[in-house]
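So the structure is just underneath, and the comments pick up after that.
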Amino acid sequence: MRTKHLIPNNAAGLTYAARDYSAREDYGGGDGGGGGGGTDPFEGFPDAVLGLIVSKLPFRSAVAASAISRRWRGAVAAAPALDLDFAAAFPAAPRRRAAFAAAVTAALRPCSAPPHPLHCLRLALEGLFDQAFAASAAEHLASWLAGAAARGVKRLELRLPRSRLAVLPPSLLACTSLTSLTLRLDHYALPLPSFTTFARLSRLHLACVSLNADDDFFGDLFSHCAELRYLILEQCRIGALRLTGPSRLSSLAITDCSWTQESALAVFEMPELRILQYSGAIAARHIIDGDVSLDDVLLAIEKPLVKPREAALRELLTLVGNARRLVLSPWCIEQFARPEEWSKLQLDKVRRLACIIERREEGALSIAPLLSSCRNVEELCVSVVPSQGKWRRNSDDGECHGVLGGKRVSVKHLKVVRMKYIDESKSGFELVKVLLKNAPALETMTIVPSMDGLEQAKFRRKVLKLRKSSQNASIQFCTAG
C-alpha cells in the first residue's frame, strides 16, 4: 500500500521530513545501521497523523490499513473524519453486516484518554437494517452515536432506511457539541425528538420527515438553539411550518416538500433572514410578520394542480418584494405577469435577476412585465428549458397577460445579460431586440443559441443588425452554456 502521497508536510502543527527519519539510528539510517530492514518507518508518527491519513481513504481501505502493522491498528479510531457508508463499503457483499458493524464499533470507540476529536461523521445505513439483523443494527446505532458523542462530534449526517427498527436513539441527543446535523430519514413516521441539547447547532438539514401541524418542534428548536443560522427542509411532508423568533436564522430552504390542503408557512420575528429558497409545491397560506430584508430569493415553484388562492400568491409575492437577487421559475414569472393590481409589485431593490423560461411561443417575452418592475436590475440571466405545453400566445388557462403590456420596458441600469439556449422563435428574437433597444448602459450580452450550424449563423447575423441604445455594448455568442 502506497501512503507517501497521503502524508501531509505539516499536520497538527508538526513538520516531518523523510531525511530526518532516514538519518536516525533506530530506523537503520545511522553509521552502524544495516539498511533498516524490517523496521516500520511510521513507528514514530503520532496518532493524529495516521488518523489524518486514513480519513482521506474510503472506509473499507481505512480498515484494511489497520493490517499494515501493529502501529496502524488504532489509526481509524484517531481519524478526524469518517464516512461510514455500508452500501459503499460492501457493494458486492451485502451480507457482511456483522463485519461492518465490528469495524464501525472499533472506529468510534475512544481508544485514548482524552479521546481523539471527531470533527465530521457520516452514517449511511441503507441495507444494514435487513430482516434478522435489524434489531442488532438498532443496538449498534445507539452505541455508535454514543461513541461519537464521547469524541465530541461536530458535524453529523445520519441516513436511515425505511424500517420499523430504524429509529433515532436517545444517544443522539448526547451529541451536545454538534454544529451541523443532517437527518435523512426514509418515510420516518415518528415525531422528531426535541433538540434542546444542541445549543451549538448552526445548521440543520431535515429530509423525508413528517412535520405535523400540532407539533411544536420548531418552537423548541429556536428557543434552545440560539446559534441556528441555516435551516433546510427537503422532501418533507408538512402540515404547518411555524418559524417563530427572535432568532438568528439567516437562510431558509424549502425543497420539494409536500403540503396539506390547509397548510401554512408562517415566519415571525426573523430579522436576520437573508436567503430564501422555495421550490416544489406551494403552501396554502404564507404569513409573514416583522421586518424581513431578503438578499437572495429562489422561487422555483411548480405549477400546482389546483389553482392557489389569490391571498396565498399575494403574500408570497409581497415576501420577495425587497429581494436584491431573484431567481424565478416559469410559473412564478407568469404570476408576476398577471394584470391584477395586487401582482404589480415594484422590485426596485433587485440588482441580479435570473429567469427560467419554457421553450414556447410566448415564453421569452413573458419576462417583459417583470423587467418593467425591476427598474434597477443590473444583471439578467435567462435560461430556456423544454416545454411540454402548447405553442400559443395565450397561457394554459386561456388568458392573455399582455407580455409587453403596451408600454416601453425600462432597464436603464442593465449592464450584463446572459441568455442560455435562446432560439430563433419570434419571442426569443423579440426579447433580444427589446433588451438592446432599451438598455442604454448595457456592456455585455452573451448568447448561447440552441441551434447549430447554418441556423445559428442566420440568427447571429439578425442579432448583429439590431439597433443598440448602448454604443459600447458587446454581443458575444457561445456554443456551450
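Any read-out appearing in this document is the output of simple, stated calculations on the displayed coordinates, not a laboratory observation. As the structure is a computational prediction, the values presented were derived from the model and not from experiment. Here the Cβ positions follow ideal geometry from the backbone for every residue, glycine too, while neighbour counts run over all protein chains shown.
As a length-normalised measure over Cα pairs under 8 Å and 6 or more apart, the relative contact order of segment 116-167 settles at 59 percent.
Over segment 45-150, what relative contact order in percent results from Cα pairs under 8 Å that are six or more residues apart? Walk me through the numbers on the way to the answer.
Numbers: 126 pairs, mean separation 28.7, N = 106.
Relative contact order here is 27 percent.
Under 16 Å from a label point set 7 Å out along the Cα-to-Cβ vector of T255, the amide N atoms of segment 208-227 belong to 208-209. Over segment 426-481, calculate the relative contact order: mean separation of alpha carbon pairs under 8 Å at least 6 apart, over the residue count, as a percent. That works out to 51 percent. Taken as Cα centroids, segment 117-171 and segment 231-281 sit 27 Å apart, rounded to the nearest whole angstrom. Each label was represented as a point 7 Å from its Cα along the Cα-to-Cβ direction; for A99 and R351 these points are 5.7 nm apart. Take the Cα of Q131, step 7 Å toward its Cβ, do the same at S194, and the gap between the two points is 4.2 nm.
Working from label points 7 Å from Cα in the Cα-to-Cβ sense, the K412 to Q476 distance is 2.8 nm.
Report, in listed order, any pair from K412/K458; K307/K412; K154/K349 with a Cα-Cα distance greater than 31 Å.
Result: K307/K412; K154/K349 exceed 31 Å.
How would segment 142-294 be classified by its alpha-carbon gyration tensor: rounded, prolate or oblate, with rounded meaning a/c under 1.5 and the a/b versus b/c comparison settling the rest? Oblate, since a/c reaches 1.5 and b/c is not below a/b.
What does the C-alpha gyration tensor say about the overall shape of segment 151-221? Classify as rounded when a/c is under 1.5, otherwise prolate if a/b is larger than b/c, or oblate.
Oblate, because a/c is 1.5 or more while a/b does not exceed b/c.
When a/c is below 1.5 the answer is rounded, else prolate if a/b is larger than b/c, else oblate, so apply that to segment 252-382 with a ≥ b ≥ c taken from the square roots of the Cα gyration tensor eigenvalues. In terms of gyration-tensor shape, oblate.
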